[in-house]
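Working notes, beginning with the structure itself.
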């Protein structure tokens, strides 16, 4: 193990480490802590210039305010409307593409695979004008499904890379054996491979959920109003209205951050497994 | 009848509903707008009056979110054009006119005597000799000041007609000594600096020169422009530091708190000042000081307009509504409700509002001309380049030569000589 | 007779099987490939085409495209465009400084790679910044840097007597935004290295320890070589993160003051969809340049993957 386990060091070093951990964490998360505290600070404190001192009280009303006086609730619902279909769509499509690329040695296999991988790294800007124009022409501009369809297509690139490598690592003999038995290809996919894919599906679902929930660029390009804007774009436009009202900006930020954070804590193992794919051989 | 929609789908759904609800043989005029709540209520009242006078016409207003509208109009003019659409005068309407999306309404102007009644807005409504817009409201720009800040720094309050340029700069020295920003602005969105520049430019060289500058006809290396920046440079040390990182509302807070004394702004800011706690007692307004003696005073007054679209399904009735919107009665009522100024010279304003009366007074006596604001007078790309230059000059005055070189390059590219 | 029959029916069945196996992959690929072609591949072609046009995004009332062909005009304009030059330089700054995420991320990973009580919670909390949206990160740092009351401003005021408003300063603004971007990026790199460290072969470490290697030498000669896969992924995601730096610029400064914090991704958006923009062709040309830069890295990545695939 590297570095040498702290238990093998002297007592002093161990004490030092025990103290250093929380201190480092607080420094590391300092900006976030500041915002969390500000989100509970009464507006009157900010007006009096008390930004960092003791708050005069805990103002849950900041949260009540943004829920009742601004469409932030609607924005969060919109985000779900975009995020959940995207997760379902991208994972389903990539299960199939991943299966095709992992199991069949057809001509052009590697080419198609690399195309998915390369597409995944393309800068968004090269897609922006045509995708926006097409979405407009199809009458899907400013709708959750217009945004979700694009996300599904784009995320399929990354998800295919993931699924394909995952299926490749499964024991191929299973598929061989089924074929000898004369099982149809789609049944192999459905009854043999799919049940083994649960961890991959879980990992990809949390990852894609986080990516899409946090997407700002496409939300800005493909939606514009309260009816369909996701929370990221909504928060940005609310920020334009909440000039100098940092208690509201903070509360909004915390709310926007909450779902992915919860997702991460609930599904931590899968999340990290998905993210670190390829970091170990 | 008013509908509220945000998106294209909802819009077409509303249209479908509208046609089916139309069994009563009324002729429909559709109107897409971008009103905030107060102007929206005023527009509803205007429509009700019009429908009462024309019972055979049904006006359907589709209201959009203000910011979203800038984007939406580019789509619906092609995909699903209403009869009328809100927009802005001068160069802001040019792309739509050139793409053939706004219709020529010179006949509405001629038949209703608008060339006389809307005299101050003829130029900004005209492209290539034809009118494409009906202006119905505008608001003045000028200097809003905090009387308490003047008192705190021991500076004499400006007289009714404002102060002279030298006096203004001398005041600034006193404010600086008292630790108060003489002039504040928040330029993170760029446009507020253009207000200051426009005024200094108009006061230095006059309206026509400024207008030519915005139209790309004047070299940034000319001595006249140099003179503008000399005057701008005199003001520069007294402008709020770090203005580039704050919004105009943040700067409004500085004025409200008395940390700043003057703010070159549009009349829409009065609402923000008053929300912050200012009253007619400590909030003052004056016109921007005269710089070059003898130049006819011109003012900045951005105009909002309504346009007939080329895809209009009922242009005849739409033109009737346009003529009504241009009328003195309709404008007095709409602007009275919203707190802005009518463009029809026969209309009246609320005498109880000191800022409106001052604005009406300032604009109706502005013999030099009425500018629309830098980003409406100049072509979009040119406007942006200019505003970045103005902002940079306020942050780095020593970079003036580089700024002017760059602006001149942009000019030569956009307007090949 | 019976044997004849089985032989006769087996042949077509095998043919059908073979047939099924050659068609099946394409059926499985079809939906994904279709979506990907429509939304990713085809738009790339369209953007490249559009970059040779001057178009303000409008169609006329008959729905016809109103652009005009300008050949290399947009690219020629880019060559002498100071804003493009600023954006390129800033992109370079992003690329170089973003690489700091690697050593810092590795350092934190080593710091956290212990088995003490509660370490798992610590690891998750350290990872936090990556999970939250860049919009939120941007707002947090904008507040941190805010003139007059932001913590950073107050700190510099204490230290130097004169507060520094990073986002108003044309020379510092880009560094301020990069610092904000590094925060989640370091967290990402950290988690990659933590996973990598978990998989470092213990016997090699022990062997090196017996040979007297420790500290830096151990890290450099024994651990880092084993972390190569993690380093490779970390470099890739960091490069992509640096070139995609749209959200933070948009939230924190809108490219200002006077365009000093523009990067290509933001400049493209500004030109194509910004309030004073709607120059779709010019925007497309910027996107093509960005695409070309990214292509260098993508090709490298694909090349390495291809090598790995063929080695297997």
query: In degrees between 0 and 90, to the nearest 10, how far off the longest principal axis of chain B does helix B:37-53 point, with axes built from Cα atoms?
result: 40
query: With each pseudo-label sitting 7 Å past Cα toward Cβ, what's the residue C:100-residue C:304 distance in nm, one decimal?
result: 2.3
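Looking at chain B, send over the antiparallel percent of its DSSP beta bridges, to the nearest 5. Present the calculation step by step, with values, prior to reporting the outcome.
Working: 23 of 42 bridges.
Expressed as a percentage, antiparallel bridges in chain B total about 55.
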task: Report, for the protein assembly as shown, the % of DSSP beta bridges that are antiparallel, rounded to 5.
output: 60
- prompt: Quick one: if the Förster radius is 22 Å, what FRET efficiency do residue A:6 and residue A:26 give, using the C-beta to C-beta distance and rounding to 0.05?
  reply: 0.65
query: Could you state the number of Å between the C-alpha centres of the stretch A:141-206 and the stretch C:280-312?
result: 25
- request: Please work out how much length the chain gains when fully extended from residue B:280 to residue B:348, using 0.36 nm per residue of separation minus the C-alpha to C-alpha distance, in nm with one decimal.
  value: 22.4 nm
- prompt: Among C:145, A:63, B:144, B:415, which comes first, second and so on when ranked by fewest other beta-carbon atoms within 10 Å?
  reply: B:415, A:63, B:144, C:145
field: Virtual spin-label span in nm between residue B:257 and residue C:64, 7 Å along Cα→Cβ
entry: 5.8
message: When a/c reaches 1.5 or more, the comparison of a/b and b/c decides; with that in mind, is the stretch A:1-72 rounded, prolate or oblate per its Cα gyration tensor?
response: prolate
Chain A: C-alpha pair distances exceeding 23 Å, %: 66
- line: The alpha-carbon center of the stretch A:91-137 and that of the stretch B:372-391 are separated, in whole Å, by 42
query: Counting only Cα, what are the radius of gyration and maximum Cα-Cα distance Dmax of the stretch C:81-278, in Å?
result: 19.8, 67
message: Suppose R0 equals 41 Å. What FRET efficiency, 1/(1 + (r/R0)^6) with r the Cβ-Cβ distance, do residue C:120 and residue C:93 give to the nearest 0.05?
response: 0.70
query: PRE reach from residue B:173 (point 7 Å along Cα→Cβ): which of the stretch B:285-313 fall under 20 Å by backbone N?
result: B:289-292
query: In the stretch C:91-125, which residues have a backbone nitrogen under 18 Å from the label point lying 7 Å from residue C:220's Cα in the Cα-to-Cβ direction?
result: C:103-104, C:106-107
At R0 = 22 Å, FRET efficiency that the Cβ-Cβ distance of residue B:123 and residue B:292 yields, to 0.05: 0.45
task: Compare C:91, C:148, C:60 in a GNM of chain C, Cα atoms joined below 10 Å, and give the one with the largest fluctuation.
output: C:60
Rounded to 10°, Cα long-axis angle of helix B:328-338 versus longest principal axis of chain B: 60
- prompt: Which distance in Å, rounded to a whole number, links the C-alpha centroids of the stretch C:141-163 and the stretch A:1-80?
  reply: 19
- request: Would you kindly compute the Cα radius of gyration of the stretch B:161-219 and its largest Cα-Cα separation (Dmax), both in Å?
  value: 14.3, 42
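In what sequence do B:408, C:309 fall when counting other Cβ within 10 Å, fewest first?
So the ranking, lowest neighbour count to highest, is C:309, B:408.
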query: Between the helical axis of A:72-103 and the dominant principal axis of chain A, each derived from Cα atoms, what acute angle in degrees is found, rounded to the nearest 10?
result: 20
- prompt: For the protein assembly as shown, what is the per residue volume of the convex hull drawn over the alpha-carbon atoms, in cubic angstrom?
  reply: 204
query: Which ordering of B:332, B:164, B:125 is given by a fewest-first count of other beta-carbon atoms within 10 Å?
result: B:164, B:332, B:125
task: With the Cα gyration tensor of the stretch B:263-417 in hand, convert its eigenvalues to equivalent ellipsoid semi-axes via √(5λ) and list them largest first in whole Å.
output: 32, 26, 15
message: Suppose we take every Cα in the stretch C:263-312 and form the convex hull; what volume per residue is that in Å³?
response: 68
query: Under 20 Å from a point 7 Å along the Cα-to-Cβ line of residue A:36: which residues of the stretch C:124-163 have their amide N that close?
result: C:124-145, C:151-152
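Readers should treat all values here as calculations from the given coordinates under stated rules, not as data from a laboratory. All values reported here derive from a predicted model rather than from experimental measurement. Note that we place each Cβ from the backbone using ideal geometry, even for glycine, and neighbour counts take in every protein chain shown.
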